[in-house]
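Asks: Got a structure here, written out as C-alpha cells. Questions coming.
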Amino acid sequence: MKRLHVHVGVADLDQSIGFYSTLLGAKPTVIKPDYAKWMLEDPRVNFAISEANTHKGVEHLGIQVDEEAELAEVYRRLKAADRPLVEEGCTTCCYAKSEKSWVSDPDGVLWEAFHTTGGSTVYGNSVDLSAVAENDSCCGEAAA
C-alpha cells in the first residue's frame, strides 16, 4: 500500500500542532521537540511538520511505501520521468530509518520516494534539498 507524504516547515510547532490536529481531526502519532507527524488512514497520508527547516510552507511531497517491492516500482517510475534522480539510499531522517530517493518536477517541486524500516531517537540528516531542486546531486553524481 502506498501513502502520500507531505512535509511542511513551520515557525511555531505548538501552534501548528494545534491547528493541524483540529484540521485533520486527529492528534499526531509522533511528537518531538522540533517535529510532529500524523499517520492518517483517511485520507491515507503521512503528514509531517517541523521547525528545523529554514523553508516555511510545503517543503516537499513524497510517496511512502510499505514494502521494498513497492519501492522498486516507484523508483522505476522516477527514472522513467526523465529527471535527474538523487538516490540517497539508507539514511536517518525525521526520526526514522529509511531508504529513499529524490527528484524534482519540471517546476522544482521536490518529491521523495521512501520505505521506512524503523524508528530513530535522532532527527538525522537528509540530502541538501536545494541541490535536488537545482537538479544537482547532494553527495556526488546523481544516479541516472
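The values are calculated or read from the model by the stated rules, or taken from the named source; none is laboratory data. Here the structure is a predicted model, which is why all the values come from computation and not from measurement. Cβ atoms come from the backbone with ideal geometry, glycine included; neighbour counts cover every protein chain shown. Accessible surface areas use protein heavy atoms only, side chains included; no ligands, DNA or RNA. Shrake-Rupley method; radii C 1.70, N 1.55, O 1.52, S 1.80 Å.
Asks: Net charge near V10: determine it from the other residues with C-beta under 12 Å of the C-beta of V10, scoring Lys and Arg +1 and Asp and Glu -1. List each step's numbers first, then the result.
Replies: Values: positive: K56; negative: D12, D14, D34, E51, E59.
Result for the local shell: -4.
Asks: With every protein chain present, what is the per residue accessible area of the chain (1.4 Å probe, Å²)?
Replies: Counting only protein heavy atoms, the per-residue value for the chain is 53 Å².
Asks: Then there's this: Run the paramagnetic zone check for V6: 7 angstrom along Cα to Cβ, then residues of the stretch 64-100 with backbone nitrogen under 15 Å.
Replies: The answer is 64.
Asks: Suppose a student asked you for the relative contact order of the chain, using Cα pairs under 8 Å spaced at least 6 residues apart; what percent would you report?
Replies: Answer for the chain is 22 percent.
Asks: May I ask what percent, to the nearest 5, of DSSP beta bridges between residues of the chain are antiparallel?
Replies: Working: 37 of 48 bridges.
Restricted to the chain, the bridges split so that about 75 percent are antiparallel.
Asks: Carbon and sulfur: what percent of the chain's accessible surface (1.4 Å probe)?
Replies: Details: 4050 of 7690 Å².
The nonpolar share, carbon plus sulfur, comes to 53 percent.
Asks: With each label point set 7 Å from Cα along the Cα-Cβ vector, what nm distance links F19 and S120?
Replies: My value for the distance between the label points is 2.7 nm.
Asks: Cut-off 11 Å, label point 7 angstrom out along Cα-to-Cβ of A52: give me the residues of the stretch 59-95 whose amide nitrogen falls inside.
Replies: Under 11 Å, as judged by backbone N against the label point of A52, lie 92-95 of the stretch 59-95.
Asks: Regarding the stretch 1-69, what's the average projected area of the Cα-atom convex hull, expressed in nm²?
Replies: 4.8 nm²
Asks: Further question on the same structure: Step through the table entries K79/K100; K2/K27; K32/K56, compare each Cα-Cα distance with 20 Å, and write down the pairs that go over it.
Replies: Going by Cα-Cα distance, K2/K27 fall outside the 20 Å limit.
Asks: When a/c reaches 1.5 or more, the comparison of a/b and b/c decides; with that in mind, is the stretch 19-137 rounded, prolate or oblate per its Cα gyration tensor?
Replies: Note, shape of the stretch 19-137 comes out prolate.
Asks: In whole Hz and in residue order, list the ³J(HN,Hα) couplings for the stretch 78-84 that follow from phi through the Karplus curve 6.51 cos²θ - 1.76 cosθ + 1.60, θ = phi - 60°; x for Gly and Pro.
Replies: Calculated HN-Hα couplings, in order: 4, 5, 5, 6, 6, 10, x Hz.
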